[in-house]
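Okay, so here's the structure we're looking at.
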Amino acid sequence: MIYFLLLAFSSTAMKAQNQPRQEYQTVDGASYTQSKNVYLLTLFQSLPEVREMLESDPLLLEVAKRKTAQLCASLENCKGDPLCFSENLPFSPDEVTEVAKRLQELTRTNPVLQSVVENHLIPSGMYQLQEAPLPETWLANAWKQDAQTVNHIIAVYVRGEKPNYPNIDSLGMKVPSASYAANIHALNELVHVNTAQSRLFFAAPLTYAMDALAMARMERAGDFEPMQHTENKEGYLRAMNTDWEDYPYPLILIPGAGTDNYLDNISAGGVLRCRLALKAYQDGLAPFILVSGGNVHPYKVRYNEAIEMKRYLMSLGVPESAILVDPHARHTTTNMRNTARIMYRYGFPMDRPSITVTTPAQSKYIYAETMQERCIRELGYSPYRNGKRLSATTAEFYPLVTALQIDADEPLDP
């Protein structure tokens with residue numbers, strides 16, 4: 001009996017230790033687009049002791065040399081075949097396995113790599129789906145996720161394969177074509193120049209993926225970052241001093257709606273949603289409105305849904321300090337996920353419901369079981385759970401910490 005009690009206590013304590021921490025400060029790294037997509041690789045680059053260890057390991061150094069050699073070979077051998085340039089730049093299945101095994105071996109005996117798990121992977125919450133009982137397994141699982149992300153970016157934004165949502169996220173170049181061939185050749189030259197001297201095993205593929213996003217003008221994940229110091233500065237500072245007990249709800253969420261043309265800066269749906277939320281705000285239901293939506297519809301639209309809704313709300317008299325923006329979400333699933341992330345990182349209470357205010361059709365969709373199923377299908381989890389239905393346009397939701405998990409195949413908003 002005592003054994004089973006100790007086992008249950010140990011399991012509960014381990015679970016508590018493995019929870020994200022609200023006070024955790026992320027490491028920004030080379031770019032926000034990179035750190036939001038592949039946080040482990042960003043840590044490998046940015047933490048001096050970790051980087052030195054990885055650069056000096058003989059097996060990982062061989063991987064680095066192999067990827068550099070493959071890049072050099074493409075410049076010599078692929079000039080008549082544009083798809084050849086990227087053929088060997090992704091990580092092969094054997095390379096992913098080889099690196100995972102080596103990282104496990106190193107982590108098992110090395111406190112420097114163990115600290116990456118304990119001080120970063122766990123408190124960040126970005127690799128919850130990769131959780132494992134042993135730190136070396138958790139680190140190896142996180143590596144596999146980042147390798148998958150790098151390979152996915154190369155597949156879509158170099159090789160022209162279809163993304164999850166081709167109408168809004170595709171490469172935008174005809175593959176193959178003369179212009180495509182010229183651009184990909186130049187991309188390989190650029191990556192070669194910037195990584196030829198690197199000793200990190202992932203330098204060439206990661207740089208290739210990030211430069212490909214830049215080439216395609218799809219670095220949207222980094223837009224407006226760091227938001228606590230840009231678009232969300234006033235709201236972030238106010239949230240730190242808000243007495244949440246003074247309000248029925250912490251926050252009103254307005255999900256975005258894209259326009260159907262390139263002229264309007266805000267859609268009809270956006271206007272209606274803002275006006276509906278304005279009434280809830282004026283009635284004192286919450287101290288903050290969060291507007292969520294990126295540069296989504298139509299393809300490569302220049303206007304950002306959240307930014308334009310913020311401007312519209314301010315024109316209606318809502319102070320900037322009462323408005324938070326999520327300018328990255330590209331789907332209803334990520335409207336909910338990104339809102340939960342912002343609430344968690346800005347110190348909002350996570351044990352109380354907030355409310356969505358939107359058009360009746362979208363409100364019904366968010367509240368439906370099919371939306372929960374879609375979240376699990378596309379994200380691997382649900383970032384919220386429903387509370388009470390208050391009206392045709394308003395429903396409660398509880399933000400969940402699972403929202404911190406990175407999405408490995410949506411590089412514009414991971």
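Below are the figures for this structure:
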| item | result |
| --- | --- |
| About the Cα centre, charge dipole magnitude for the stretch 362-408 (Lys/Arg +1, Asp/Glu -1 at Cβ), debye | 180 |
| The stretch 14-81, dipole about Cα centre (Lys/Arg Cβ +1, Asp/Glu Cβ -1), debye to the nearest 20 | 240 |
| Dipole of the stretch 20-217, positive end: most advanced residue of I168, L190, F85 [Cβ charges, Cα centre] | I168 |
| Distance in nm between pseudo-label sites at E87 and E369 (7 Å out along the Cβ direction from Cα) | 5.0 |
| Mean Cβ neighbour count within 10 Å, used as a protection proxy, ranking 287-300, 214-227 highest first | 287-300, 214-227 |
| Cα principal axis extents for the chain, largest first, Å | 69, 66, 36 |
| Vicinal HN-Hα couplings computed from phi for the stretch 259-276 (Karplus, 6.51 cos²θ - 1.76 cosθ + 1.60; Hz; Gly/Pro x) | 7, 10, 8, 9, 9, 6, 7, 9, 7, 4, x, x, 4, 5, 5, 4, 5, 5 |
| Nonlocal amide H pairs with R159, under 5 Å, H built at 1.01 Å | none |
| Point-charge dipole on Cβ atoms (K/R +1, D/E -1) for the chain, about Cα centre, debye to 20 | 760 |
| Relative packing of peptides 35-45, 338-348, 49-59, 125-135 - highest average C-beta neighbours within 10 Å first | 35-45, 338-348, 125-135, 49-59 |
| Cut-off under 5 Å, modelled amide H: who pairs with N304 long-range | none |
| Computed E for L263/A361 - FRET, C-beta separation, R0 25 angstrom, nearest 0.05 | 0.55 |
| Theoretical ellipticity at 222 nm over the chain - DSSP helices of four or more residues, -39500 (n - 2.57) apiece, nearest 500 | -15500 deg cm²/dmol |
| Where no second cysteine Cβ lies under 4.7 Å, the cysteines concerned in the chain | C72, C274, C375 |
| 13 Å Cα-Cα reach of K300 towards aspartates and glutamates, excluding residues that sit fewer than 8 places from it in its own chain | D169, E219, D260 |
| Inter-centroid distance (Cα atoms) of the stretch 76-120 relative to the stretch 217-296, Å | 38 |
| Where only alpha carbons of the stretch 259-414 are counted, the Rg and the Dmax (Å) | 14.8, 41 |
| Residues listed by number, the stretch 295-330, amide nitrogen under 16 Å from R275 label point at 7 Å toward C-beta | 309, 312-318 |
| Kirkwood Rh, angstrom, the stretch 20-217 [1 / mean 1/r, Cα pairs] | 17.4 |
| Cα-based Rg of the stretch 245-302 normalised by 2.2 N^0.38 Å, two decimals | 1.32 |
| Per-residue HN-Hα couplings for the stretch 224-234 [Karplus 6.51, -1.76, 1.60; θ = phi - 60°; Hz; x = Gly/Pro] | 6, 7, x, 5, 5, 10, 10, 5, 9, 4, 5 |
| Which of V150, L237, I289, positive extreme of dipole for the chain (C-beta unit charges) | I289 |
| Long-range amide H partners of D326 with built H, under 5 Å | V291, S292, G293 |
| Cα-projected label distance for L61 with A132, points at 7 Å along beta-carbon direction, nm | 2.6 |
| Residue pairs, from the table K36/K310; K36/K101; K162/K364, whose Cα atoms sit over 27 Å apart | K162/K364 |
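Any read-out appearing in this document is the output of simple, stated calculations on the displayed coordinates, not a laboratory observation. The structure presented is a predicted model; accordingly, all values stated were derived computationally and were not measured. Here the Cβ is made from the backbone with ideal geometry for all residues, glycine too, and neighbour counts use every protein chain on show.
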